[in-house]
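See below for the structure under consideration.
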Amino acid sequence: MTDTAKRIASDLAALGVEKCDTLLVHTSLRSLGSGVEASDVIDGLLLALGEEGTLMLPALSYCNCNASKPYFDYYETQSNIGYLPEYFRTRVEGVLRSVCPTHSCCAKGKNAHYLTSGHILDTTPCGANSPFRRLAYLAGKILFIGCTMRPNTSMHAVEELINPDYLFGDDVRYTLRDESGVEHTAVCRAHDFRGVAQRYERIAELLDGDAHRTGRVLSADCDLVKAVPMWVTALGKYHEDPHYFIDRID
């Protein structure tokens, strides 16, 4: 365990990450500072969570698996959202992945199997059995490291309960190869978002101090959010104004 990993764990504890937490992490690796390695970040996160905690990272693959390339492989389909999720997925022992063509997640720890095991049952990217929904069932937390709260994939799960007019595109028929090598055929409704810009960072304006904390991890500005109050607050706002968390663009 490097000194950098230990510093990361200490900063996370000061921010509000606790032993036994179930934690979904969105991150910009470069925001942490020059020379910080992916292994330091993962080690620091796991140290902060302890043996009873669970670490989850998104492994979204919508650029690599979509209507033009409708094949998902548990091991081979790469994430398209940065280096750290791919490092976690491919280099860290004991990591499990959910089976979803576009919005899979990877997890390690006590609740990893529960978080990842049901995703294949859903017919939308962030449905009732998705890791994003199950994180809320576990009263987990969401950490944003140096990336603001805009890339908040959990908000898609809230949107799916509302079904705003901008959310869904066409149904796509996929072939999904699971961790045992078994292939499944699945029809999943794609997200669309054409003509809109996602503005999920606006949730920060609506959350109270207990639900949302800010601080720094190394050089990165960070946000830590409790999933349940975020869901309740966002759902209420969507009912009030379905377009609050997007901007229309030409």
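Quick rundown of the values:
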{"quantity": "Value of Rg to Rh for the chain (Rh from inverse mean 1/r over Cα pairs, i.e. Kirkwood)", "calculated": "0.95"}
{"quantity": "Percent antiparallel among DSSP beta bridges (both partners in the range 1-109, rounded to 5)", "calculated": "75 percent"}
{"quantity": "Distance histogram in 10 Å bins (all Cα pairs of the range 1-125, percent per bin)", "calculated": "13, 43, 31, 11, 1"}
{"quantity": "Accessible area (Å², per residue) of the range 1-82, counting only protein heavy atoms and a probe of 1.4 Å", "calculated": "46 Å²"}
{"quantity": "Descending semi-axes in Å of the range 64-172, equivalent ellipsoid built from Cα gyration tensor", "calculated": "20, 18, 15"}
{"quantity": "DSSP beta bridge pairing in the range 59-212, given as percent antiparallel to the nearest 5", "calculated": "80 percent"}
{"quantity": "Hydrodynamic radius of the range 138-250 per Kirkwood, over alpha carbon pairs, in Å", "calculated": "15.9 Å"}
{"quantity": "Average accessible area per residue (Å²) across the range 113-231 - probe 1.4 Å, nucleic acids and ligands excluded", "calculated": "43 Å²"}
{"quantity": "Whole-Å distance, taken between Cα centres, linking the range 78-125 and the range 185-206", "calculated": "19 Å"}
{"quantity": "For the range 1-73, Kirkwood radius (reciprocal of mean inverse C-alpha pair distance, Å)", "calculated": "13.7 Å"}
{"quantity": "Charge dipole (the chain, unit charges on Cβ, about Cα centre) - positive-most of 152, 47, 31", "calculated": "47"}
{"quantity": "Cα-centre dipole for the chain with unit charges at Cβ (Lys and Arg positive, Asp and Glu negative), debye to 20", "calculated": "160 debye"}
{"quantity": "Protein accessible area in the chain, 1.4 Å probe - carbon and sulfur %", "calculated": "47 percent"}
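The values are calculated or read from the model by the stated rules, or taken from the named source; none is laboratory data. Please read these numbers as outputs of a predicted model, since none were measured by experiment. Here the Cβ is made from the backbone with ideal geometry for all residues, glycine too, and neighbour counts use every protein chain on show. For the accessible areas, the whole protein counts, side chains as well, though only heavy atoms, and no ligand, DNA or RNA atoms are used. Shrake-Rupley method; radii C 1.70, N 1.55, O 1.52, S 1.80 Å.
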